[in-house]
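> Sharing a structure here in structure tokens format.
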Amino acid sequence: YKVRTLTYGSGSDLHRPEYAAGAAIKTAPVDGSPFIDQWEGRSGWARTRYWGFDSKKLPIQGRVWYPDGPGPFPLVLIVHGNHSMEDFSDPGYGYLGELMASRGFIFASVDENFLNSSVSNLLGMPDAGLKDENDARGWMLLEHVRVFKEWNAAAANPFHGKVDTENIVLMGHSRGGEAVAVAALFNQLPYYPDNARIKLGYHHA
């Protein structure tokens, strides 16, 4: 297939225009605070100041490579590992996105850089940086699947009718691989195991 590409994002990213004015699809933020510890104090202040949002307004953002055809096509989501949050990791899968899309897959590289490490974590010593944030990494993957399903059903969306919602694959590198395992578990659970007041109930294919 001929390969097409686009980005989706908040429309207000402070550092990447492709997720700001350049985003083809604008997305609403999600509240990830139940799944993250220690986004607070001095290091949390520095993280929020850098990104322009806190854990209650996490952006749903990604880069997509997809076939130029009627579909529907299987959906593949990949998420990067833990690295310096200021050195963005999500563009690194472009080579794989091109290949997968040319073979008939919708391939999205998910942005979760805002959950990564930073030198600003040292401001929170001795408890530096985010804690137990991999629950958020996995949960965010499920939220990305959710929006793709919504887009598939929306007549005006570029992915309308193009997503094979019965064939969805999650992939991850390093910490992202752990996030995929978390997502697979959360996908089957009705409630968050650390707090049963938080409803899950995704049951994606």
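The values are calculated or read from the model by the stated rules, or taken from the named source; none is laboratory data. Worth saying up front: this structure is predicted, and the values here are computed from it rather than measured. These area figures cover heavy atoms from the full protein model, side chains too; ligands, DNA and RNA do not enter into them. Shrake-Rupley method; radii C 1.70, N 1.55, O 1.52, S 1.80 Å.
> Output the antiparallel fraction of DSSP beta bridges having both residues in the chain, as a percent to the nearest 5. Let's see the in-between values first.
Working: 14 of 29 bridges.
The antiparallel proportion sits near 50 percent.
> Let me make sure I get this right: for the stretch 150-204, a, b and c are the square roots of the gyration tensor eigenvalues over alpha carbons, sorted descending. Under 1.5 in a/c it's rounded, otherwise prolate if a/b > b/c, else oblate. Which is it? List each step's numbers first, then the result.
Working: a/c = 2.81, a/b = 1.50, b/c = 1.87.
Oblate shape, in that a/c is at least 1.5 and b/c is the bigger or equal ratio.
> Residue by residue, what Karplus-based ³J(HN,Hα) values in Hz, rounded to whole numbers, does the stretch 87-99 have, using 6.51, -1.76 and 1.60 with θ = phi - 60° and x for Gly and Pro?
Residue by residue, the stretch 87-99 yields 10, 4, 9, 5, x, x, 9, x, 4, 6, x, 4, 5 Hz.
> Now for a different question. Carbon-plus-sulfur fraction of the accessible area of the stretch 1-155, 1.4 Å probe, in percent? It would help to have the intermediate numbers written out before the result.
Values: 3570 of 6530 Å².
Roughly 55 percent, rounded to a whole number.
> Please compute the per residue accessible area over the stretch 20-106 with all protein chains in place, 1.4 Å probe, rounded to a whole number of Å².
Details: 3820 Å² over 87 residues.
For the stretch 20-106, the per-residue accessible area is 44 Å².
> Could you list which residues have their amide H under 5 Å from that of Asn82, counting only those 5 or more apart in sequence or on another chain, with H placed in the peptide plane?
Arg175, Gly176
> Right, something else. Tell me, what ³J(HN,Hα) does each residue in the stretch 64-71 have, in order and in whole Hz, if you take phi through Karplus 6.51 cos²θ - 1.76 cosθ + 1.60 with θ = phi - 60° and put x for Gly and Pro?
Going residue by residue, I get 10, 10, 8, x, 7, x, x, x Hz, with x marking Gly and Pro.
> Over the stretch 50-205, one equal point on each Cα, no solvent: what is log10 I(q)/I(0) by the Debye formula at q = 0.16, 0.20 Å⁻¹?
With one equal scatterer per Cα and no solvent, log10 I(q)/I(0) is -0.93, -1.32.
> Name the residues whose placed amide hydrogens come within less than 5 Å of the amide hydrogen of Val163, ignoring near sequence neighbours (fewer than 5 apart) on the same chain.
Phe73
> Okay, moving on. Quick one: Karplus J couplings for the stretch 17-22, per residue in order, coefficients 6.51, -1.76, 1.60, θ = phi - 60°, nearest Hz, x for Gly and Pro?
x, 5, 9, 9, 5, x
> Another question, then. Lysine pairs in the stretch 16-175 with alpha-carbon atoms under 18 Å apart, 8 or more places apart or on different chains: how many are there?
6
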